[in-house]
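Take a look at the structure set out below.
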Amino acid sequence: MSYNFQKWYYFWLFVLFLACAKDEYTDYQTINTTVAGDMAIADATGLKFEGSNITDGSKFNLKVLEAGEYSIEVRDYFKNLTSKSIINAKSGDNVLKFYTRALRDGDYTITIGKDGTELHNVKLVIR
Amino acid sequence: MKKILLLLTLIPTLALGQLSSSTDGVDIDLLYSGTTDDANKLLSKVQVNDTIVVKLKLDNLSSTNSITYVHVDVQYNVNAYARVDYSFNVPTGAQTSNGNWSGNGMKWSVNPNYDANDLWAQWSTQGGSYNEVAGWEVDHVEAIATSNITGNYATLYFKVKDAGDNHSYTDNIALTMARVTDNSGTSEYVYGVGKVRGYPTMAITHIPLEDLDSNIYIQADANTNFDVTKVGVVVQKNGTPISNNLYFDSGGQINVTEYITTSTDNYTLDFVTSYSSTEWEALMDNVITISDVTLTLQELGKYGHGNVGTVFTTGIQYSAVDSNEDRDLTPQDAYNLLGHVMGTLDVIPDDGTGIFNNTFKPMKKADYNSWSIYKFKNQENMPNSSVVHPITVDFTESSYTEDFKFGFIGDPNGSHSSPVDGNAASSLTAKSYSYGQAIKADGFIQGEWSTAIEDGKVVATLRLLSTDVSALQLKVDYDNTILTFDEAVFNTGNTVTNFASETNGRVNLGSIEQNGGEIETGEVFKVYFTGNVTSPVGLVSIFNTDAANVDGNRLILNLQ
């Protein structure tokens, strides 16, 4: 092969490699139609975490019918409020990142609420 | 001195005098096996009047011969030991005897041409002999059986005696000679020279400890807000550590019996913690808070809410905030404490030994309970509150407990310090103080906390819902790998002093009203961060909160 041919051959090979690489999403993906893979929730509403433990940057999916402000409370073993976040959720799946570096490792209760009404309540280990 | 001489004696023994096994004959082990009261007691812990258990253990290494006859001589010093009993463990029908024909005392002189542990050579080859020496006796421990004698065939019991300071305890129990044969065949087989060895142990050397049977405990009476299992002691003997870190159990107790073994040495307890310096600093962030400041300001008349000088009731409180240790509590001490809480001043001294040593104030319970304001003000010597405490045990008691209480620098409201019991701290005061330290909160107040994304920024908001609050403090942790702290915005009232500072991913913010008013309700704190995120979940968390009412007393902020 000539040098010129090799140059273009490797260029297009590299372009092809990049094209096939997985796209990087931001930490917040709103997918109104369907969420593929493990984060999908079959029911109309629900809450699903990426794993059995919450690690820094791991994802969770909050699927709601009604768009609006939802609260995510994190309470420690003694039920003390450790963290509380307000998110603007859209109708359908809301896949978000859960950050943990500002939290101490331990058992926590995660509560999702809207307008003072508790929608979900799960106990998980945060690492 | 005696121990040094013993050590010098042992060094060449250890280096050059390692015993050798018979390899294919019989090894006889003089096996120390605890005491009659404690089978697991280490020899090094044996005291005068203990009865030690010594086993004669046979290890037949011969592949062709068994043992049907064994006779071992065990020599012991009668000033150090009284052989009080013996027993045999031999096949059924075996004949046993334990004779003693020492007369006025006898001691074996080793045949130098053979190893001292070559027990049959010492018996059979002449050259060595028993000589009349007062103070030594010899047991002849003999068993004859028609079947194989194995393992621990005899046990001797020696009561330990105090032989005096000048006595040499070296090899005070020792094997001297032995004869082992096999009569199971048509003719007697005698295990020969080199085939009967004292191995791996043929002598016992031990200087007994004093007969001190007291159980010795360290007991801590700690505040329930403080995890007592995170602190402990190292026992020092004459200034040298003799224990590892011994941590309090959940009941606040440490058993130090095995370390305090003489009545003549000096013992101290060196308090330690299993927390790292960073973890202890975090603890101190919880100890010294805004309600400590308000209480101190109230005591010193700088809180603007009346009732001056009536809120401190014990000397522990005064000492906790006397940051310059001049025994004169002034408003400056309160302002120093306020500066510490605001993050502009550090009241924790630094003598180079670390934050634990400079903030933790262990004190013997009686001293703690009786350290009064009167004593503080009248320059009486303050009881030892350092992390090193001498301990003097009363050995006449079967059980001795040294009780401690724990104070912390900068903790006048006693949120983490031990409570003061009784009225000793107040009865000696010049004024008629009520006794008991104000460690409990006056009540609860309500607030709302949330983190959200507003106009591209992460904003944490505290909404105060309760009235009658005159001081408020909040420490929040945030992920400083993602966020950058921008500012804290206050809406607490025109006469309120606000403060905010940031260190290593933690924002410390608060407000104090010193003019007789209250902090306004509503969105009192807003903390702004920047960062390229669209999810705020978990980015900001609450490290701790504190609040005080107009009386300077602590309030618990209940966040929703």
Legend entry - Residue that is farthest from B:Gly510 (Cα to Cα), among those in the range B:448-493 that are open to solvent by 10 Å² or more (accessible area, probe 1.4 Å) and among the hydrophobic types (A, V, I, L, M, F, W, C): B:Ile482
Inset, instruction - Taking only the range A:104-123 into account, find how many residues are of a type in the set (Lys, Arg) and within 11 Å of chain B (Cβ to nearest Cβ). - result: 1
Legend entry - Pairs, first under 21 Å from B:Gly198 (Cα atoms) in the range B:72-89, second open to solvent by 60 Å² or more (accessible area, probe 1.4 Å) and assigned to a strand (DSSP E or B), C-beta under 7 Å, six or more apart: B:Gln75/B:Lys107; B:Tyr81/B:Lys159; B:Phe88/B:Thr96
Legend entry - Some residue of the range A:63-72 being open to solvent by 40 Å² or more (accessible area, probe 1.4 Å), touching a Lys or Arg at 6+ places or on another chain (Cβ under 8 Å), facing chain B (nearest Cβ under 9 Å) and assigned to a strand (DSSP E or B): yes
Legend entry - Filtered residues of the range B:62-84 (kept if under 16 Å from B:His140 (Cβ atoms) and either more than 45 Å from the chain's Cα centre (by Cα) or open to solvent by 60 Å² or more (accessible area, probe 1.4 Å) (or both)): B:Tyr69, B:Val70, B:His71
Inset, instruction - Output the residues belonging to the range A:88-103 that are facing chain B (nearest Cβ under 7 Å) and of a type in the set (A, V, I, L, M). - result: A:Leu96, A:Ala102, A:Leu103
Inset, instruction - Quick one: which residue in B:His167, B:His140, B:His206 is surrounded by fewer than 21 Cβ atoms within 10 Å (Cβ to Cβ) and not in a loop (DSSP other than H, G, I, E, B)? - result: B:His140
Inset, instruction - Inspect the range B:465-486 for any residue being away from chain A (no Cβ under 14 Å), of a type in the set (Ser, Thr, Tyr) and closer than 23 Å to B:Leu283 by Cβ and give the result as yes or no. - result: no
Inset, instruction - Could you tell me whether any residue of the range B:196-207 is within 30 Å of B:Phe395 (Cα to Cα) and out of contact with any Asp or Glu (no Cβ under 9 Å at 6 or more places or on another chain)? - result: yes
Inset, instruction - Examine the range B:257-268 for a residue that is open to solvent by 70 Å² or more (accessible area, probe 1.4 Å), assigned to a strand (DSSP E or B) and in contact (Cβ under 8 Å) with a residue 40 or more places away in the chain, and state whether such a residue exists. - result: no
Inset, instruction - Might you let me know whether the range B:394-406 holds any residue that is open to solvent by 10 Å² or more (accessible area, probe 1.4 Å), under 15 Å from B:Glu325 (Cα atoms) and in contact (Cβ under 8 Å) with a residue 60 or more places away in the chain? - result: no
Inset, instruction - Show the residue pairs that are 6+ apart or on different chains and have beta-carbon atoms under 7 Å apart, the first residue being within the range B:517-546 and at the interface with chain A (Cβ under 9 Å from one of its Cβ atoms), the second being hydroxyl-bearing (Ser, Thr, Tyr) and outside any strand (DSSP E or B). - result: B:Thr534/A:Thr26; B:Val537/A:Tyr99; B:Gly538/A:Tyr99; B:Gly538/A:Thr100; B:Leu539/A:Tyr99
Legend entry - Extreme residue, farthest from B:Asp59 (Cα to Cα), among residues of the range B:148-160 that are open to solvent by 50 Å² or more (accessible area, probe 1.4 Å) and assigned to a loop (DSSP other than H, G, I, E, B): B:Asn148
Legend entry - Whichever residue in the range B:283-303 is surrounded by fewer than 24 Cβ atoms within 10 Å (Cβ to Cβ) and farther than 18 Å from B:Met342 by Cβ and, among such residues, is modelled with the highest pLDDT: B:Leu283
Legend entry - Residues of the range A:44-60 that turn out to be touching a Phe, Trp or Tyr at 6+ places or on another chain (Cβ under 8 Å) and not in a loop (DSSP other than H, G, I, E, B), as a count: 7
Legend entry - Leading residue by the ranking (least open to solvent (accessible area, probe 1.4 Å)) among those in the range B:494-506 that are of a type outside the set (A, V, I, L, M) and in contact with a Ser or Thr (Cβ under 8 Å, 6 or more places away or on another chain): B:Phe499
Inset, instruction - Scan the range B:353-368 and give yes if some residue there is touching a Gly at 6+ places or on another chain (Cβ under 6 Å) and not in a strand (DSSP E or B), otherwise no. - result: no
Legend entry - Where a residue in the range B:176-195 is among the small types (Gly, Ala, Ser) and its partner, wherever it lies, is modelled with pLDDT of 95 or more and open to solvent by 20 Å² or more (accessible area, probe 1.4 Å), with Cβ under 7 Å and at least six apart: B:Ala178/B:His71; B:Ala178/B:Trp120; B:Ser184/B:Ser66; B:Gly192/B:Trp120
Legend entry - Evaluation of B:Asn104 against (1) surrounded by 14 or more Cβ atoms within 10 Å (Cβ to Cβ); (2) modelled with pLDDT under 95; (3) assigned to a loop (DSSP other than H, G, I, E, B); (4) not charged (D, E, K, R) (one fails), failing number: (1)
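The values are calculated or read from the model by the stated rules, or taken from the named source; none is laboratory data. Since this is a predicted model, take the numbers as computed values, not measurements. Reconstructed Cβ throughout: ideal geometry from the backbone, glycine too, with neighbour counts over all protein chains shown. All accessible areas refer to the heavy atoms of the entire protein, side chains included, with ligands and DNA or RNA removed. Shrake-Rupley method; radii C 1.70, N 1.55, O 1.52, S 1.80 Å.
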